[in-house]
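I'd like to ask you about the structure that follows.
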Amino acid sequence: MKLNAYLNFAGNCREALEFYEKHLAARIGAIMTFAEMPGPKNIPPGIGADGVLHARLDIAGTYVMASDVANALPMRSAYLSLSVDSTPEAERISEVLSEGGEVFMPMGETFFAHRFAMLRDKFGVNWMIIHEKPMC
């Protein structure tokens with residue numbers, strides 16, 4: 001058994017995945033557009049034939065799947081948590097992901113982490129970035 005996250009975007013799925021691929025050392029494994037869908041085309045209003053029907057992103061050894069949907073809203077209660085091996089990497093990722101987004105908890109040291117931040121990126125995805133301290 002394996003658990004994967006599935007993200008919905010409001011027409012900017014491809015842009016988001018390409019952003020993550022560039023800045024998070026992720027890899028887009030597959031993208032299928034609504035135009036490539038076999039059979040009758042059921043394209044959501046406001047998305048268009050070039051919208052993403054289904055995509056898979058390999059990030060840190062985990063698959064995140066995604067698509068464009070009509071009227072997608074930003075996530076409110078779920079986060080993608082990205083654990084990194086260094087403080088500079090945590091700070092770099094936090095800076096990149098927070099640009100144009102909303103920071104809930106600024107990057108800083110906590111009792112459990114050398115660096116920790118919580119934010120929503122410009123695509124509406126919530127992230128936690130952590131460089132953990134050893135826990136005994």
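Read-outs: derived from the displayed coordinates by stated rules, not from any lab. A quick note: this is a predicted structure, and the numbers were derived from the prediction, not measured. So basically every Cβ, Gly included, is an ideal-geometry build from the backbone, and we count neighbours across all protein chains shown.
Short version: ³J(HN,Hα) in whole Hz for each residue of region 80-95, in order, from phi by Karplus 6.51 cos²θ - 1.76 cosθ + 1.60 (θ = phi - 60°), x for Gly and Pro, what are they?
Residue by residue, region 80-95 yields 8, 9, 10, 9, 10, 9, 8, 5, x, 5, 4, 5, 4, 5, 4, 5 Hz.
Picking from Ser86, Ser67, Ser77, which is most flexible by a Gaussian network model of the chain using Cα springs under 10 Å?
For the chain, modelled as a Gaussian network with Cα springs under 10 Å, the answer is Ser77.
OK, next. In a GNM of the chain with a 10 Å cut-off on Cα contacts, which of Val69, Val125, Val96 has the highest mean-square fluctuation?
Sorting by GNM fluctuation, first place goes to Val96.
Could I ask something else about it? Below 8 Å between Cα atoms, with a sequence gap of 6+, how large is the relative contact order for region 1-131 in percent?
Computed over region 1-131, the figure is 23 percent.
Restricting to the chain, compute how many DSSP beta bridges are antiparallel as a %, nearest 5.
About 70 percent, rounded to the nearest 5.
Once you have a ≥ b ≥ c as the square roots of the Cα gyration tensor eigenvalues for region 5-68, tell me rounded if a/c is under 1.5, and otherwise prolate or oblate according to whether a/b is larger than b/c.
Since a/c reaches 1.5 and a/b is larger than b/c, the shape of region 5-68 is classed as prolate.
Arrange the following residues from fewest to most other Cβ atoms within 10 Å of their Cβ: Asp121, Asp58, Asp68.
Asp58, Asp121, Asp68
Remind me, relative contact order of region 5-68 in percent, using alpha carbon pairs under 8 angstrom and six or more residues apart?
44
Taking the chain as the reference, fit the longest principal axis to its C-alpha atoms, fit the long axis of helix 13-23 to the helix C-alpha atoms, and give the angle between the two in degrees, 0 to 90, nearest 10.
30
Can you list the lysines whose alpha carbon is less than 21 Å from that of Lys2, not counting same-chain residues fewer than 8 positions off?
Partners found: none.
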